[in-house]
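Heads up: the structure comes next, in structure tokens.
The values are calculated or read from the model by the stated rules, or taken from the named source; none is laboratory data. All values derive from a computational prediction rather than experimental measurement. Heads up, the Cβs are rebuilt from the backbone with ideal geometry, glycines too, and the neighbour counts pull from every protein chain shown. These accessible areas exclude ligands, DNA and RNA; they are computed on the full protein's heavy atoms, side chains included. Shrake-Rupley method; radii C 1.70, N 1.55, O 1.52, S 1.80 Å.
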2 protein chains.
Amino acid sequence: MMLRTLPARLLVLLLAATPAPTLAEESPMFAIAIHGGAGVISRSSMTPEAEKSYQEDLGKALDAGYSILESGGTSMDAAIAAVKILEDSPLFNAGRGAVFSAEGINELDAAVMDGQTLRAGAVAGLRHVRNPIELARLVMDRSPHVFLTGKGAEDFALENGMPLVPRSWFYTERRWQQLEQARRGERLSAADIGYYGTVGAVALDAAGNLAAATSTGGMTNKKWGRVGDAPLIGAGTYADNGSCAVSATGTGEFFIRGVISHEVSALMKYRGVDVAEAARTAIQGRLAAMGGDGGVIVVDREGNIAMEFNTEGMFRGARDARGKREIAIY
Amino acid sequence: MMLRTLPARLLVLLLAATPAPTLAEESPMFAIAIHGGAGVISRSSMTPEAEKSYQEDLGKALDAGYSILESGGTSMDAAIAAVKILEDSPLFNAGRGAVFSAEGINELDAAVMDGQTLRAGAVAGLRHVRNPIELARLVMDRSPHVFLTGKGAEDFALENGMPLVPRSWFYTERRWQQLEQARRGERLSAADIGYYGTVGAVALDAAGNLAAATSTGGMTNKKWGRVGDAPLIGAGTYADNGSCAVSATGTGEFFIRGVISHEVSALMKYRGVDVAEAARTAIQGRLAAMGGDGGVIVVDREGNIAMEFNTEGMFRGARDARGKREIAIY
């Protein structure tokens, strides 16, 4: 299956490379990692049922992305497929299930980046786009721009054949209660997982190309047209075949100020550290020193994955062509 | 005057440092650089009168910022003072004199960043804020957020005591003609200096702190709520006392994809190159390789200034405590 989808020239190269090809040469590496937000996620605050629901939806997203990679698809297709499932799940703060702004409206942001071409697409302040990650890709593919915002971005969606949905699509009772709590000035309780949540995916495909995708509903009770790090290239989302693909989640303002996703890439590129050390340095060093909370998922061109966070938990998953498959919360 | 404004402890340190203090220890370094946009600015397309007007307004902005530094003010105050003058000048594509969007509206973006604290403020899609750079600073100083957009950002302005102005404030006949030309699909003529223009300033103050400020009207005939690099921390604006302060101008989409301002900082920090080589590598290497046009101004903590661009010209100026004062276009 996989061999059939490889370009003929690459196949010849692989077969001709050495008299006794190693495993790595026979089977190209591919890998995907996903996250569903980081924050105060303690074991004691989770029921076994809730834990199971999160694990199930994370697993579905991970496997949907992985199966695209396995059948020779691109890292961009894989990352977007995974993020779409998390957007459509009411559990995560993106798409359906997004948190409410101070005006009682769901406002959605997303970005994608292609590591091979350094092309990117981003959208912010959407109110009627079911899958913001798909509009981010449309911006990348069909506009001369990188970043479209608000009603203008939705006009672009309609002009390019993407239907809009009523605001009721995004409504969930749980998020509405969180807004009511925030409006009353109450501290959020254990049920507030995902207060700062965001979803994302990073992938390496068999052709060796990296991609990153991130989508979010922002923060509960946000005001003044606040935009966080998710749609900002370099802050919440970054991909460069020369280093790695990154998707972030956490207190967005700190990720913006630290340009955290591009920082991970720069550490690999210019300091020469590996993916694990770059992620650790950016999160446990730079981000933590600023007082920020959250995490990143990172994959490099060898399929090495880092999932680093300085919070109690981060919903996450990773799967690769070597047979690794992991879903974790704490 | 300057000595009086130094903290007593620092003064003692300076006086006690060596029996024979060098010039550098006696006179702390401070410096400022500004830009007014990069692009197709050929000598043949400029009348001597136009050239003189640009040089005059650049000089006013440069000297306003410099005099703040000279009297012991902060790099943030200096950078903002310079940018305000360029925003108020009808010559540059920021504030008054901004280009028109496809809807015939001036939409303004700006950002500031403080290199000492890595705090930042940014605004996009403003229609009624006379000096967007001042609102960016207000976001930094008085909101828990970094990036506010659209009407929400203007609500924040009013709530924090900043008046709004009618849209007519930003109208200039020249920019309106450029929009009409663009709508007719005409190629822009030599009079279209500043089509992609942006203004910005970077400064080092006597206390050794860096700051960056950037403000823009975006691009003529822009649609769909397009936001460029200027308000994006790491793309068009960046400051970190650990490396340098950067403000960019050019084809914004490429500066976003290349995270060019943070790239300059990362090259200094992690590759250990100086400010000139970092700016050159980012613009002549990375940006040019992507097909992007434009430039950056950069200052480091020793007051070294780089003004690098790959276009025919960049309106720019630099002045420092060693007595250098330079205004240039080509």
Rank-order B:50-58, A:225-233 by packing density, defined as the average count of other C-beta atoms within 10 Å over each peptide's residues, highest first. A:225-233, B:50-58
When ligands, DNA and RNA are left out and all protein chains stay put, how many square angstrom of accessible area per residue does the protein assembly as shown have with a 1.4 Å probe? 37 Å²
For the protein assembly as shown, what Kirkwood radius comes out of the mean inverse Cα-Cα distance, in Å? 25.1 Å
For B:D274, inter-copy label distances in nm, listed shortest first [label point 7 Å out on the Cα-Cβ vector]: 3.7
Candidate cut points under trypsin sites (Lys or Arg not before Pro) in segment A:96-202, DSSP loop plus at most 10 other Cβ atoms within 10 Å of their own Cβ, are A:R184, A:R187
Report the antiparallel proportion of the DSSP beta bridges in the protein assembly as shown as a percent, rounded to a multiple of 5. 95 percent
DSSP-defined antiparallel bridges as percent of all bridges, chain B, nearest 5: 90 percent
Taking Cα atoms only, helix B:48-70 is inclined relative to the longest principal axis of chain B by an angle, in degrees rounded to 10, of 40 degrees
Charge tally in the Cβ shell below 10 Å around A:S215, where Lys, Arg are +1 and Asp, Glu are -1, A:S215 excluded: -2
How big is the B/A interface in buried accessible area, both sides summed, 1.4 Å probe, to the nearest 100 Å²? 3500 Å²
Which shape class applies to segment B:48-121: rounded if a/c is under 1.5, otherwise prolate when a/b exceeds b/c and oblate if not, where a ≥ b ≥ c are the square roots of the Cα gyration tensor eigenvalues? oblate
Taking placed amide H atoms and a strict 5 Å upper bound, the residues 5 or more places from A:G258 or on another chain that come that close are none
Approximate spin-label separation A:N304-A:E326, in nm, with each point projected 7 Å along Cα-to-Cβ: 1.4 nm
Dipole of segment B:40-328, positive direction: furthest Cα of B:T220, B:V40, B:L62, with charges on the beta-carbon: B:T220
7 Å along Cα→Cβ for the label point: how many nanometres lie between A:E312 and each equivalent label in the other copies, listed shortest first? 6.2
Take the alpha carbon gyration tensor of segment A:132-275, find the square roots of its eigenvalues, order them as a ≥ b ≥ c, and report rounded if a/c is under 1.5; if not, report prolate when a/b exceeds b/c, else oblate. oblate
Among the listed pairs A:K84/B:K223; B:K269/B:K324; A:K222/B:K223; A:K84/B:K222; A:K151/A:K223; B:K84/B:K151, which are separated by more than 19 Å between their Cα atoms? A:K84/B:K223; B:K269/B:K324; A:K222/B:K223; A:K84/B:K222; B:K84/B:K151
Just how large is the dipole of segment A:136-235 about the Cα centre, in debye to the nearest 20, putting +1 at every Lys and Arg Cβ and -1 at every Asp and Glu Cβ? 420 debye
Tell me the distances, shortest first, between A:T117 and the same position across the other copies, using label points 7 Å along Cα→Cβ, in nm to one decimal. 4.2
Extension gain A:E277-A:Q55, at 0.36 nm per residue separation less the Cα-Cα distance, in nm? 77.2 nm
Return the average number of partner chain Cβ atoms within 10 angstrom of each residue Cβ along peptide A:248-258. 4
Please list, or write none, the lysines whose alpha carbon is within less than 16 Å of the alpha carbon of B:K52, excluding same-chain residues fewer than 8 places away. B:K60
Which shape class, rounded, prolate or oblate, goes with segment B:279-323 when its Cα gyration tensor gives a ≥ b ≥ c as root eigenvalues, a/c under 1.5 marks rounded, and past that a/b bigger than b/c marks prolate? oblate
Using a 1.4 Å probe on the protein chains only, how many percent of the accessible area of segment B:40-328 belongs to carbon and sulfur? 48 percent
